[in-house]
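Enquirer: Supplied in structure tokens, the structure appears directly below.
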Amino acid sequence: MKSYRQKIMDIIKADIITMNGSKNSMTTTLVMSIIITIVSGFCINPAAGTMGCFMIGGLIVPTMFNSEMKNHGERLYGIIPVERKELVTSRFIFCTAVFIIAEIVIYLMMLISLKAQLYNRIFENGELDFLKIVSDMTENRMSPTGFFNLVYFASSSFGLKMMAWSLRSYLSDSKKYAQQMMEATMGNRKMSKKDVIAAVFILAILVVFILLLLGVIKITAAIAVVVTLLFQLAQAANGLFLGLIFIIEALFFLIYCYISALLTYEEKDI
């Protein structure tokens, strides 16, 4: 009798085989995205590393299950002796592990880029050093490394949420998810009102936060305490404390998506 852990590992191994052994494999696309992100971080600016957070968050689920979507492979799990909760759990563990490993690799590479500063040799005198320019504009002179940590962890948090929501959507309704992916690939998918509102809302929050950080927007007494606390967290440990809060918040969202997918998948007709 196999243990629960062994069952989870067997499902993950099966997903890896399916992911790599198909003509429709998108593994190369995911790997190339990581490589492009790292090269951009060394040649342009480490801030370019944040681009990888969004790319990886959006690519993981299509990469893992592209073959299954096209060949209706999920029907297989309707006849083999695998419990649905084990399938959902294994896939959330697999996708989360891949995301975290990729993010750690990119983060370490960007820290090396910050130390080496190869981009300043390409662009003379550091005139295009985005991190230094922005850090100099902050009222309390946050270091370039601190500002990078803050932006990178915020982006990683958003990327993790993208991945969690995509996996939840796929497990809840794979046909609808596959259709949306196909329309997005062909350029035929139009953004819904909810998508537009969500995008505008997130962009507005980011813009306001950056303007507050730069001191462009004057802080009123009503929000002075909150903003001061955020500034202190942002500066503590070179932005790692506030970055950790972003990651913890994303992990709570991941747990929500996992539980939601678990409940939905139990009632789904495969």
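Enquirer: Measuring from label point to label point, each 7 Å out along Cα→Cβ, what is the Phe253 to Ile12 span in nm?
Expert: 2.4 nm
Enquirer: To continue, here is another question. For the ranges 110-119, 158-167, 243-252, what's the packing order if you count other beta-carbon atoms within 10 Å of each residue, average per peptide, and put the highest first?
Expert: Values: 110-119: 17.5, 158-167: 22.7, 243-252: 15.9.
Result, highest mean Cβ count within 10 Å first: 158-167, 110-119, 243-252.
Enquirer: Please arrange Tyr4, Tyr170 by counting, for each residue, the other beta carbons lying within 10 Å of its beta carbon, fewest first. Working shown, then result.
Expert: Values: Tyr4 11, Tyr170 25.
Exposure proxy ranking, most exposed first: Tyr4, Tyr170.
Enquirer: Take the cross-link list Lys13/Lys85; Lys115/Lys161; Lys85/Lys176 and give me the ones stretching past 26 Å between alpha-carbons.
Expert: From the list (Lys13/Lys85; Lys115/Lys161; Lys85/Lys176), the Cα-Cα distance tops 26 Å for Lys115/Lys161.
Enquirer: So, one more: Using Cβ counts within 10 Å as a stand-in for footprinting exposure, how do Met19, Met51, Met32 rank, fewest first? Display every interim value, and only then the final one.
Expert: Values: Met19 20, Met51 17, Met32 11.
By the 10 Å Cβ count, ascending: Met32, Met51, Met19.
Enquirer: Now a separate question. State, to one decimal in nm, how far the label point of Glu86 lies from the label point of Ile36, with both points 7 Å from Cα in the Cβ direction.
Expert: 3.9 nm
Enquirer: Now a separate question. What is the distance, in nm, between label points placed 7 Å from the Cα along the Cα-to-Cβ direction at Asp173 and at Val207?
Expert: Spacing of the two 7 Å Cα→Cβ label points: 3.2 nm.
Enquirer: Between Leu263 and Ile100, what is 0.36 nm times their sequence separation minus the Cα-Cα distance? Round to one decimal in nm.
Expert: On the way: separation 163, 0.36 × 163 = 58.68 nm, distance 2.49 nm.
Fully extending the segment from Leu263 to Ile100 adds 56.2 nm.
Enquirer: For a quick check: sort Cys95, Cys53 by the number of other beta carbons within 10 angstrom, fewest at the front.
Expert: Values: Cys95 24, Cys53 27.
Ascending number of Cβ neighbours within 10 Å: Cys95, Cys53.
Every number here is computed from the coordinates shown, using simple stated rules; none is lab data. Note that the structure is predicted; figures quoted are calculated from it, not measured. Virtual Cβ from ideal backbone geometry, glycine too; neighbours counted across all protein chains shown.
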